[in-house]
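So the structure is just underneath, and the comments pick up after that.
Every number here is computed from the coordinates shown, using simple stated rules; none is lab data. Note that the coordinates shown come from a computational prediction; the quantities given were computed from them, not determined experimentally. Quick reminder, even Gly has a Cβ in these numbers, built from the backbone with ideal geometry, and neighbours come from all protein chains shown.
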Amino acid sequence: MDVYAADSRRYDSMRYRRSGKSGLKLPEISLGLWHNFGGFDAAENGREILLRAFDRGITHFDLANNYGPPPGSAESFFGSMMERDLRPYRDELVVSTKAGYGMWAGPYGDWGSRKYLVSSCEQSLRRMKLEYVDVFYHHRPDPETPLEETMGALDYLVRSGKALYAGISNYGPEDTKRAARILREMGTPCLIHQARYSMLDRRVESGLLSALAEEGIGGIWFSPLAQGLLSDRYLSGSVPPGSRASKAVFLKPERLTPAMVKKLNALNDFARDRGESLAGLAIKWLLGKPETTSVLVGASSVAQLDENLRALEGAPLAEGELSVIEKMLGLPE
Ligand code: NDP
């Protein structure tokens with residue numbers, strides 16, 4: 001079995017941004033393990049992607065209790081990586097996980113009770129072979145559990161040393177402000193908010209971004225490539241075998257309308273003129289937002305990850321370029 005030694009130049013080119021008003025810095029690009037690291041996909045390909053990421057300065061890996069499939073298997077894969085390769089680097093890593101979606105049978109394996117969050121965090125630690133996670137998130141708001149109870153569970157997890165920081169995900173602007181206030185009063189500030197944000201989904205611009213700025217919470221954006229649509233994979237209008245859209249579960253092939261394909265091609269032509277890929281442009285566009293702490297990408301190969309990391313190179317988008325992009329984003333889908 002080959003023994004991993006991290007690249008000695010791993011901190012040479014990555015930049016790190018402070019998460020809101022906290023002491024924690026995250027890499028501008030983080031890696032998520034939602035897809036491609038579960039029981040059916042992981043093994044050697046997953047290992048290569050993860051180690052390549054760390055070798056390029058990606059110190060932050062994002063998980064959740066239910067990532068797989070099957071649920072839990074992405075965390076178990078990460079645990080095998082801890083045992084095999086990453087244990088010596090634990091203090092260089094920021095590992096996050098979440099609970100909030102359905103995970104186990106019965107009334108205690110879903111949503112936002114203290115019972116669910118605390119048990120789930122303990123399960124995650126066992127699967128990932130960790131003593132603590134760096135960030136523990138509540139994955140989605142629970143309309144039935146008092147927010148005080150859910151935030152109290154996050155506060156408890158931090159105080160008990162099972163997590164270093166608390167985060168929330170998929171909360172709307174008003175719930176975000178309430179959650180931040182409750183956490184602040186308990187003495188455990190909300191470190192970060194994880195939300196969907198890309199050139200093709202800008203709902204966070206209607207209130208959430210300003211709420212984060214007001215509360216001093218960092219922003220980390222999931223599905224920055226709209227699950228792969230913002231790449232060269234779908235430019236021909238067909239669905240390539242093995243792609244996420246070919247599985248038709250989370251990314252529906254119906255999204256690939258003729259109008260969408262036209263829009264993606266217009267963006268791609270613009271990216272090419274800058275000597276960049278569409279994926280790189282989509283990430284660079286997010287990195288230009290002042291509310292961005294980190295852009296949380298997925299990848300099914302080392303080549304995709306490397307391409308995404310090229311977003312860190314070259315000049316940022318100038319005002320004039322942003323206006324041109326804005327017009328293209330207004331095209332119908
Ligand atoms: P992306 O939008 O980055 O999509 C990743 C997918 O796009 C890859 O799996 C791959 O798909 C394709 N892709 C990536 N790079 C390239 C490239 N350079 N060229 C061509 N195709 C590319 O993000 P995800 O939707 O995967 O989300 C990222 C992370 O965010 C997740 O892993 C998870 O950690 C987090 N997340 C959090 C959520 C929450 O509720 N908090 C919800 C969803 C995600 P293919 O398989 O087709 O090759």
Query - 222 nm mean residue ellipticity, helices alone, for the chain (DSSP H n ≥ 4; -39,500 (n - 2.57); rounded to 500) - result: -11000 deg cm²/dmol
Report task. May I ask you to derive the FRET efficiency for ARG18 and SER246 from their Cβ-Cβ distance with R0 = 35 Å, giving the value to the nearest 0.05? Result -> 0.35
**Report entry** DSSP bridge pairs, the chain: antiparallel proportion in percent, nearest 5
**Finding:** 10 percent
Query raised in the report: How high is the FRET efficiency between GLU83 and ASP232 when r is their beta carbon distance and R₀ equals 51 Å, given to the nearest 0.05?
Result: 0.90
Report task. Rounded, prolate or oblate: pick one for segment 189-333, where a ≥ b ≥ c are the square roots of the eigenvalues of its C-alpha gyration tensor, a/c under 1.5 means rounded, and failing that, prolate if a/b is larger than b/c, else oblate. Result -> prolate
Requested in this report: Provide the FRET efficiency to the nearest 0.05 for the ARG9-GLU254 pair, computing r from the beta carbons and using R0 = 45 Å.
Outcome: 0.55
Query raised in the report: What nm distance separates the two modelled labels at ALA318 and ALA266, each placed 7 Å from Cα along Cα→Cβ?
Result: 2.2 nm
Report task. Pairs to check: LYS115/LYS162; LYS98/LYS162; LYS21/LYS177. Give those whose C-alpha atoms are more than 18 Å from each other in this structure. Result -> none
Query - Qualifying chymotrypsin sites (Phe, Trp or Tyr not before Pro) in segment 229-333, DSSP loop, other Cβ atoms within 10 Å at most 15 - result: PHE250
Report summary line: Longest principal axis of the chain (C-alpha) makes with the long axis of helix 278-287 (C-alpha) an angle, in degrees to the nearest 10, of 50 degrees
Report task. Treating the angle as unsigned and between 0 and 90°, give the value, to the nearest 10°, between the Cα long axis of helix 258-273 and the longest Cα principal axis of the chain. Result -> 80 degrees
